[in-house]
Amino acid sequence: MNLNSFQSDRLDFRPFCESDLDALVSILSNKEVCEYLPVENPYTQEQVSRVLNYFIKTFVIEKKNLHFICSLKGTNTVVGYAGCSYIKEYDCNEIEYFLKPEYFGNGYASEMAFEMKKVATELGLTHLVGLAHIDNIPSQKILEKLGYEFKNNVVHWDCPLKYYELKI
């Protein structure tokens with residue numbers, strides 16, 4: 001698997017670049033996308049710019065903290081982004097998937113999550129955590145489809161979460 005660019009059945013994945021600011025703003029400034037995140041309000045453009053810079057700066061395969069912009073296969077139509085992110089609170093990686101609301105309900109988030117599981121395997125990771133807001137049932141279902149096992153409810157970042165683990 002080439003971690004600098006790859007495809008799933010319906011999506012293209014590639015690392016973020018500076019020209020992706022508007023696409024990332026369209027995702028993280030959306031109230032529906034941020035509903036279950038530990039933030040009071042959707043992200044401002046300045047906050048998204050910092051997130052983008054972090055994604056670009058930390059895309060180092062050896063550090064195992066990778067984020068990808070996701071578009072419809074063969075197009076520049078961004079549907080969301082996904083990542084295999086290091087979570088310092090657990091000293092472990094987590095699979096992330098964020099989708100624009102107009103693409104909810106079409107299986108894209110599951111497809112993104114399954115690809116991030118492949119990325120985790122490619123990185124040599126053997127254990128992942130999964131965190132989903134207790135009210136975010138679709139995300140919980142995706143984690144369970146991936147094979148995650150629910151462990152308990154936790155509160156992190158002032159946010160009530162369901163905590164899952166996955167052995168790869």
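Scanning the range 1-26 for residues that are open to solvent by less than 70 Å² (accessible area, probe 1.4 Å), more than 16 Å from the chain's Cα centre (by Cα) and more than 17 Å from THR77 (Cα to Cα) yields a count of 0.
Give the range 27-50 a look and list any residue that's open to solvent by less than 30 Å² (accessible area, probe 1.4 Å) and free of Cβ contacts under 8 Å to residues at least 60 places away in the same chain, or say none. Answer for the range 27-50, where residues must be open to solvent by less than 30 Å² (accessible area, probe 1.4 Å) and free of Cβ contacts under 8 Å to residues at least 60 places away in the same chain: CYS34, VAL48.
Please go through the range 72-89 and give me each residue that is surrounded by 15 or more Cβ atoms within 10 Å (Cβ to Cβ), more than 9 Å from the chain's Cα centre (by Cα) and more than 15 Å from PHE104 (Cβ to Cβ), ordered by number.
If the condition is that a residue be surrounded by 15 or more Cβ atoms within 10 Å (Cβ to Cβ), more than 9 Å from the chain's Cα centre (by Cα) and more than 15 Å from PHE104 (Cβ to Cβ), then TYR86, ILE87 are the ones that fit.
Could you say whether any residue in the range 67-80 is aliphatic (A, V, I, L, M) and closer than 24 Å to GLU165 by Cα?
Applying the first criterion (aliphatic (A, V, I, L, M)) to the range 67-80 yields 69, 72, 78-79.
When the remaining residues are screened for being closer than 24 Å to GLU165 by Cα, the result is none.
There is no residue in the range 67-80 that is aliphatic (A, V, I, L, M) and closer than 24 Å to GLU165 by Cα.
Residues of the range 140-164 that are open to solvent by less than 80 Å² (accessible area, probe 1.4 Å), within 16 Å of the chain's Cα centre (by Cα) and within 19 Å of LYS118 (Cβ to Cβ): ILE142, LEU143, LEU146, TYR148, TYR164. Considering only residues that are more than 15 Å from TYR81 (Cβ to Cβ) and touching a residue at least 60 places away in the same chain (Cβ under 8 Å), look in the range 51-67 and name the one that is farthest from the chain's Cα centre (by Cα). Ranking the qualifying residues of the range 51-67, first place goes to ILE61.
The values are calculated or read from the model by the stated rules, or taken from the named source; none is laboratory data. Note that this is a predicted model, so its numbers are computed, not measured. Ideal geometry is used to build each Cβ from the backbone, glycine not excepted, and the neighbour counts take in all protein chains shown. For accessibility, only protein heavy atoms count, side chains too; no ligands or nucleic acids. Shrake-Rupley method; radii C 1.70, N 1.55, O 1.52, S 1.80 Å.
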